[in-house]
Amino acid sequence: MMKRKLFILFLLVFPFFCFAQRQNNPEFKITTDTVNIYLKDKVSPATKIGLSHAVKLNNKYYCFFNEYDYYSWLHSRRFQHFFIITKEGTIEHSIEFPKRLGQAYSDFFIRNDSIIAKEYYNHKTYYFDIDKLKWKQIEEADDVIYEDADFYVTYRYFGEFGCRTWFKDKKTNKEYDIYSEGHIINKIDNVYYITDKHQILMIENPLELNPCELQYYYKTVKKNRSYCSSNSLKGAKEIYKDSTYRWWFDRPKSHIITSFIHNNELFHLYNDDDNKTISITKLENGNLITVNIFLQKKILWLKLFV
């Protein structure tokens, strides 16, 4: 099974908060660690700064920030910044990076202890050389979101064209697909749970999902740069659906941030009412029940990295 680290970055005026779960204690213990970051000398005056992507490696934060024109009613972006920040909050390096990285259709993650950024418009992947402090373009990385002894799971988001999740059977190399916007997968007693912001799917046997046609296998779609959403929920059971969810342009402000396992039970980190309350919840009779509330403040920016 892939090793997964939960890293949550909260930005309140410019501090970072990290959530920690102690697995050996039956009760949830929540700790915060605040790091103050001062950007005055790094950004232009009269601008608004927003965190877009970040990862943590070897006690340092690698962060993309967008700089917006504060007085523009469109809040148009003026610049992008890539900073390496120490755990004490010092901006250690300000690095130039390839154009378009850090935008909405970009991904930023750690794989095999390497820092990787992926830009979806031009299908380019970059590796960040920590020693030389430079970005280097490499072969496009797979969109793997989960892996165990039986399945290799990939996910692609096609914007307004939808999305698709593939379960590849390692024994037969056959692929099965499902329509799901979730890229968070947990497994309990051989049952898979896929979480997105407004839905939780349960898959008892991925081999009962929709058999994928060869022209829609993950590698083929990636190679051809196709935009082909799945429309199947065959083999999956929807165990949670936000009743206030209507359609893509009218999503509710409350949503699930992520899901995780504790004592062989599935829990969810829930953002209620536009960041006013962050709580730990669990599912009972199709509803999310609050277990623990650990933040009741107005958060300016929140970003999650798994």
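What to note about this one:
- Residue under evaluation residue 142, criteria (1) under 19 Å from the mean Cα position of the chain (by Cα); (2) under 19 Å from residue 52 (Cβ atoms); (3) of a type outside the set (Val, Ile, Thr), criterion not met: (2)
- One residue from 157, 179, 192 being out of contact with any Phe, Trp or Tyr (no Cβ under 7 Å at 6 or more places or on another chain), hydroxyl-bearing (Ser, Thr, Tyr) and modelled with pLDDT of 95 or more: 192
- Test result for residue 117, under 19 Å from the mean Cα position of the chain (by Cα) and assigned to a loop (DSSP other than H, G, I, E, B): no
- Selection within region 30-73 - more than 26 Å from residue 99 (Cβ to Cβ) and either at pLDDT 80 or above or exposed (fewer than 11 other Cβ atoms within 10 Å of the Cβ) (or both): 36, 38, 58, 59
- Applying the criterion of being out of contact with any helix residue (DSSP H, G or I) (no Cβ under 9 Å at 6 or more places or on another chain) and among the aromatic types (Phe, Trp, Tyr) to the residues of region 171-211, the residue that is farthest from residue 263 (Cα to Cα) is 179.
- Restricting attention to region 210-233, the residues that are assigned to a helix (DSSP H, G or I) and touching a residue at least 12 places away in the same chain (Cβ under 8 Å) total 4.
- Taking the criterion of being surrounded by fewer than 18 Cβ atoms within 10 Å (Cβ to Cβ) and over 23 Å from residue 266 (Cα atoms), the residues of region 230-245 that qualify are 231, 232.
The values are calculated or read from the model by the stated rules, or taken from the named source; none is laboratory data. Note that the coordinates shown come from a computational prediction; the quantities given were computed from them, not determined experimentally. FYI the Cβ positions are ideal-geometry reconstructions off the backbone, even for glycines, and counts take in every protein chain you see.
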